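Note sheet for the following structure.
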Amino acid sequence: MAVILGIDIGGSGIKGAPVDTATGKLTAERHRIATPEGARPDDVKAVVAELVKHFGHKGAVGVTFPGIVQHGVTLSAANVDKGWIGLDADKLFTEATGQNVTLINDADAAGLAEAKFGAGAGVAGTVLVLTFGTGIGSALIHDGVLVPNTELGHLWLRDKHAETWASDRARERDDLNWKQWAARVSKYLQHLELLFSPDLFIIGGGVSKKAEKWESALVLERSKFAPAALLNDAGIVGAAMIAESRMDVKS
């Protein structure tokens, strides 16, 4: 069994736990520390180092980031300090913790975890994981292989920007009931069906805990859908999975 520490950087909290990557189960209780105000790189790296120390972890560490990550470099910073743009965050966290750190986009991490251990377990073909919250995160996976940084929340539906029209924040902002929100999401998913023909959509984010309120109103042309299963553990588990895959490449 490989036990790898997964750390999930969020807007309000940074949480972590060791993960058994053979089962996707946490081997200790999650530990959460509030995200420092402004989420500046030096402040966030200190929290990540504190989490590694808290668990007494030695070895590979996976860390999620709420933005584009390419070869360990963070390339966007929508909800964090602009100092992340162009930063070699793999190196930043590796030096801060003294361990080998691998970084991954937060939605991609959740997608990997859901595809292997959650609602997509055992599903062959194309799985498209979407997280509905402040925006819309996306993860595109084919036969277990991730296509990173898809950012499908930024698609345009004629004159409508997907995540500002169909996110959970949009539901709250426009005072939509769940049926009205599901109608918007249906149009968005039908557009994604046309582009990617996924075998399964997995609907994540906070809305996954309230699936009974919207799933009967969601209409798709040919794909199936399911609420996410791993909830708050998905990012942690996916972070550990990507760190393990980096180890396999190096070995």
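The values are calculated or read from the model by the stated rules, or taken from the named source; none is laboratory data. Model, not experiment: these values are computed from the prediction. We place every Cβ from the backbone using ideal geometry, glycine too, and count neighbours over all the protein chains shown. Calculation scope for accessible area: heavy atoms of the full protein, side chains included, ligands and nucleic acids excluded. Shrake-Rupley method; radii C 1.70, N 1.55, O 1.52, S 1.80 Å.
Some observations on this one:
- Exactly one residue out of Glu114, Glu151 is within 15 Å of the chain's Cα centre (by Cα), under 18 Å from Gly16 (Cα atoms) and not aliphatic (A, V, I, L, M), and it is Glu114.
- Boolean, Leu152 is more than 16 Å from Lys210 (Cβ to Cβ) and touching an Asp or Glu at 6+ places or on another chain (Cβ under 7 Å): no
- Hits in the range 216-242 - residues which are in a helix (DSSP H, G or I) and without any contact (Cβ under 8 Å) to a residue 40 or more places away in the chain: Ser216, Ala217, Leu231
- Ala34, sole failed condition from (1) more than 23 Å from Ser76 (Cα to Cα); (2) aliphatic (A, V, I, L, M); (3) at pLDDT 95 or above; (4) touching a strand residue (DSSP E or B) at 6+ places or on another chain (Cβ under 7 Å): (1)
- Scope the range 67-113; condition assigned to a strand (DSSP E or B), of a type in the set (Ser, Thr, Tyr) and either open to solvent by 20 Å² or more (accessible area, probe 1.4 Å) or touching a residue at least 40 places away in the same chain (Cβ under 8 Å) (or both); matching residues: Thr102
- For first residues located in the range 204-215 and touching a residue at least 12 places away in the same chain (Cβ under 8 Å), partners that are in a helix (DSSP H, G or I) and among the small types (Gly, Ala, Ser) and lie 6+ apart or on another chain with Cβ distances below 9 Å form the pairs Gly204/Ala107; Gly204/Ala110; Gly204/Gly111; Gly204/Ala234; Gly205/Ala110; Lys213/Ala182; Trp214/Ala182; Glu215/Ala182.
- Taking the criterion of being without any contact (Cβ under 8 Å) to a residue 60 or more places away in the chain and at positive phi, the residues of the range 114-164 that qualify are Gly122, Asp143, Gly144, Arg158.
- Residue count for the range 209-239 satisfying the condition of being surrounded by 22 or more Cβ atoms within 10 Å (Cβ to Cβ) and either touching a Leu at 6+ places or on another chain (Cβ under 8 Å) or charged (D, E, K, R) (or both): 4.
- A count restricted to the range 32-66 and to residues that are under 23 Å from Ser245 (Cβ atoms) and not in a helix (DSSP H, G or I) stands at 10.
- Residues in the range 17-27 that are touching a residue at least 24 places away in the same chain (Cβ under 8 Å) and either closer than 20 Å to Gly133 by Cβ or open to solvent by 40 Å² or more (accessible area, probe 1.4 Å) (or both): Thr23, Leu26, Thr27.
- Top-ranked residue in the range 129-145 [being within 20 Å of Ser245 (Cβ to Cβ) and over 12 Å from the mean Cα position of the chain (by Cα); ranked as modelled with the lowest pLDDT]: Gly144
- Residues located in the range 189-207, provided they are modelled with pLDDT of 95 or more, assigned to a helix (DSSP H, G or I) and either open to solvent by 10 Å² or more (accessible area, probe 1.4 Å) or in contact with a Gly (Cβ under 9 Å, 6 or more places away or on another chain) (or both): Gln190, His191, Leu194, Leu195, Phe196
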